[in-house]
Amino acid sequence: MHAPRLISATILSFGLLVLAAAVPAAETTMTVHVDRPGVKISPTLYGIFFEEINRAGDGGLYAEMLQNRSFEDDRGDRDQKPTKIPGWRLVVGPGAKATIGLDQSEPLNPHNPNSLRLEIANNGHLGMPGAGVANEGFKGLALVKGASYDLLFYARGSKNGGAVAALVDDNSESLSEAKLIRDIGPQWKQYHCTLTATKTTAKGHLVLGADSPGTFWLDQVSLFPKNTWKGRPNGLRPDLAQMLADLKPSFNRFPGGCYVEGNRLANAFRWKNSIGDLAQRPGHWNLWGYRSTDGLGYHEYLQLCEDIGAEPLFVINCGMAHEDNVPNDKLGSWIQDALDAIEYANGPVDSPWGSLRAKAGHPAPYKLRFMEIGNENGGPVYEDHFRQFHDAIKAKYPEMLLVANTPVKTRPMDILDEHYYNSPEFFMQNATRYDAYDRKKSPKIYVGEYAVTQDCGQGNLRAAVGEAAFMTGMERNSDIVVMASYAPLFVNCGWRQWNPNAIDFDNSRVYGTPSYHVQKMFSANRGDVLLGLDFQTPKLKSSLKGGAVGSMFAVASRAAKSGEVILKIVNAAGAPQDVRISLAGLDGKVKSGTVTALASADPKDENSLDNPNKVVPQESPLADAGASFLHRFPANSVSVIRLSVE
Ligand code: AHR
């Protein structure tokens, strides 16, 4: 009874198989309407956001090599009297006897109350120095053989004497000639010498001692590589600054983030404390758990923006911290800070603040156009503070574009900042979010912070795919979304406070996470005008005009100057996808094409300090580039296709 039924079922299935083989499989198709240009893509769409978090600046981008250079690091968030001396240790050679401690008896200046006291009872007989202090930098000084380092420090002594400075490794083996610095007297004075490394190592230390017994005081001890980004004094670490320049950011938001707010107003970022003589900058405790030198201050930030071709977007504290607020009727000095920041950046050289910019070496204005009022602030207090900042700034500088944190009702918002931290799926689901924004009612949007923060390891491919899907939506709607920046930017791997980040580093190495590479791919491949796109997959029997279908997301644009057609395509599926791409209404012939793809064997794959190039984009020519071609997009991939048209 059962056997014949089985046979007939087999025959039926075989018949269907033959039929299936005869009819070509339906394809996913993407039609790019070259003759249907859409909105202009905002030239400021892709930028960066630098925040002092994870030792992004101190111990990172800021090239100062010594930790706790002014001996204030242990003051903590309530400005306690410090007891510990992070970064420093006593070095006592054979036969020597010495002690160290913090001292407030005769401060270098009122902003720098603590100095280091070194009491040498006996300097021993072997080695120079016999007794002194050593600084380990940020988990070792990264020294390069033949490279020179400027040592600058303030010192005074109980009697006239000399100091000895040298670079050593973590076994106290010499890594430079020992330099003698003479004439240290009873008054604070600044001293300088240059040390040249004899070996390359990431485990260097600086040793600074005295040539004879006595009591010595040290403060503002700084070791700077001569080789900084673009040779700027008080400059930046070249490898990290290069990572920023490679992103070709059109703007740079600074300094926060929660950093600008502070836990309390007492430790908010105040830009006026971050300019001028380094020894006079008080520094401040930041809410990410360490003290900032403010050596990478407002001026250095503006200079960085200029050096990487990014417009500054400066965030001003609007009198709101995490735990306290300035009363509404006492905002005067906080609003004045905003006005003065604009004058410092843009004012003439004979204006009070513009003259300080000129004195710092930059007479030309920095052309600050964007200012954000607070960070992630909201509610009735924000409504009132925003209104007051808005009115004062617009009265004096009507051309300034002001960014609001949350929707305000009583004043117009030039731009509204939105932040998103979520799962890859959230970002994919929100790839069409801005399609629905009301063009008449919505303010321009700045997606000031966004990142996949769930199921992301320390920054894996899947996270980057989720962000890329979302970015296709921002680009497609860049009449509304005029600016966007991933966050956070940097992490020193030894001080990870937030996960994940775009750029990971230690004292001598750096790599970009897959998210960094997506940022770079989108920013480096910008079109000027959006192109119409029909994306269809028969499997889902659906078509979304615009660019998201199933697990695929896309955006198309055209570069005005070169005429190139640029496609950004994300395949978030776990299997490769074949797509037939057709250019409709083309005004010429496709000459050639390239594809740059970010993919890897496993969506959980990440880069690391030891394997920095595991997930990096690969560029190859597009063999069958034409008005219609079939392309296979790898599983979990982000691809950029550029087509040259003649
Ligand atoms: O990017 C890290 C933090 O996330 C920022 O400081 C803050 O604005 C946000 O909550």
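The values are calculated or read from the model by the stated rules, or taken from the named source; none is laboratory data. All values reported here derive from a predicted model rather than from experimental measurement. Methodologically, a virtual Cβ is constructed for each residue, glycine included, from the backbone with ideal geometry; neighbour enumeration extends over all protein chains shown.
Remarks
- From the options TYR516, TYR511, residue that is within 16 Å of the ligand (Cβ to nearest atom) and either at negative phi or over 12 Å from the mean Cα position of the chain (by Cα) (or both): TYR516
- Under the condition of being in a strand (DSSP E or B), within 16 Å of the ligand (Cβ to nearest atom) and touching an Asp or Glu at 6+ places or on another chain (Cβ under 8 Å), the residues counted in segment 359-376 number 1.
- Residue within segment 494-505 that is more than 16 Å from the ligand (Cβ to nearest atom), closer than 30 Å to LYS203 by Cα, crowded, with 22+ Cβ neighbours inside 10 Å and within 16 Å of the chain's Cα centre (by Cα) present: yes
- Matching entry among GLU64, GLU72, GLU51 (being within 16 Å of the ligand (Cβ to nearest atom) and crowded, with 16+ Cβ neighbours inside 10 Å): GLU51
- Residue count for segment 557-578, restricted to those that are assigned to a strand (DSSP E or B), modelled with pLDDT of 95 or more and farther than 17 Å from GLU467 by Cα: 4
- Filter result for the condition that a residue is buried (at least 23 other Cβ atoms within 10 Å of the Cβ) and modelled with pLDDT of 95 or more, over LEU240, LEU208: LEU208
The rows are residues; the columns are (1) acidic (Asp, Glu); (2) buried (at least 19 other Cβ atoms within 10 Å of the Cβ); (3) touching a Leu at 6+ places or on another chain (Cβ under 7 Å).
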residue	(1), (2), (3)
ALA560	no, no, no
ARG580	no, no, yes
PRO603	no, yes, yes
LEU609	no, no, no
ASN613	no, no, no
GLU619	yes, no, no
LEU630	no, no, no
SER644	no, no, no
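- When ASN346, ASN377 are checked against the criterion of being in the same structural domain as ALA266 (by TED's automatic domain parsing), polar (S, T, N, Q), touching a residue at least 60 places away in the same chain (Cβ under 8 Å) and at negative phi, a single residue qualifies: ASN377.
- Residue in segment 258-281 that is in the same structural domain as GLN497 (by TED's automatic domain parsing), acidic (Asp, Glu), over 19 Å from TYR366 (Cβ atoms) and more than 14 Å from the ligand (Cβ to nearest atom) present: yes
- Failed criterion for LYS367 (all others in (1) in contact with a strand residue (DSSP E or B) (Cβ under 9 Å, 6 or more places away or on another chain); (2) surrounded by fewer than 19 Cβ atoms within 10 Å (Cβ to Cβ); (3) under 30 Å from GLY76 (Cβ atoms) hold): (3)
- Taking segment 215-237 as the range and being buried (at least 20 other Cβ atoms within 10 Å of the Cβ) and either free of Cβ contacts under 8 Å to residues at least 12 places away in the same chain or among the basic types (Lys, Arg) (or both) as the test, only ARG237 passes.
- Scanning segment 370-382 for residues that are more than 21 Å from the chain's Cα centre (by Cα) and surrounded by 18 or more Cβ atoms within 10 Å (Cβ to Cβ) returns ASN377, TYR382.
- TYR382 vs. criteria within 16 Å of the ligand (Cβ to nearest atom), over 30 Å from ALA463 (Cα atoms) and assigned by TED's automatic domain parsing to the domain that holds ASN501: yes
- If the condition is being basic (Lys, Arg) and under 26 Å from PHE50 (Cβ atoms), then segment 61-92 contributes ARG69, ARG75.
- Some residue of segment 186-198 being over 12 Å from GLY132 (Cβ atoms), within 32 Å of the chain's Cα centre (by Cα) and outside any strand (DSSP E or B): yes
- Of the criteria (1) of a type in the set (A, V, I, L, M, F, W, C); (2) under 24 Å from LEU401 (Cα atoms); (3) outside any helix (DSSP H, G or I), which one MET474 fails: (3)
- Listed by position, the strands (runs of 3 or more DSSP E) inside segment 78-169 whose residues that are of a type in the set (Val, Ile, Thr), buried (at least 18 other Cβ atoms within 10 Å of the Cβ) and without any contact (Cβ under 8 Å) to a residue 60 or more places away in the chain number at least 2 are 161-168.
- All positions within segment 417-440 that are under 24 Å from ARG387 (Cβ atoms) and buried (at least 18 other Cβ atoms within 10 Å of the Cβ): ASP417
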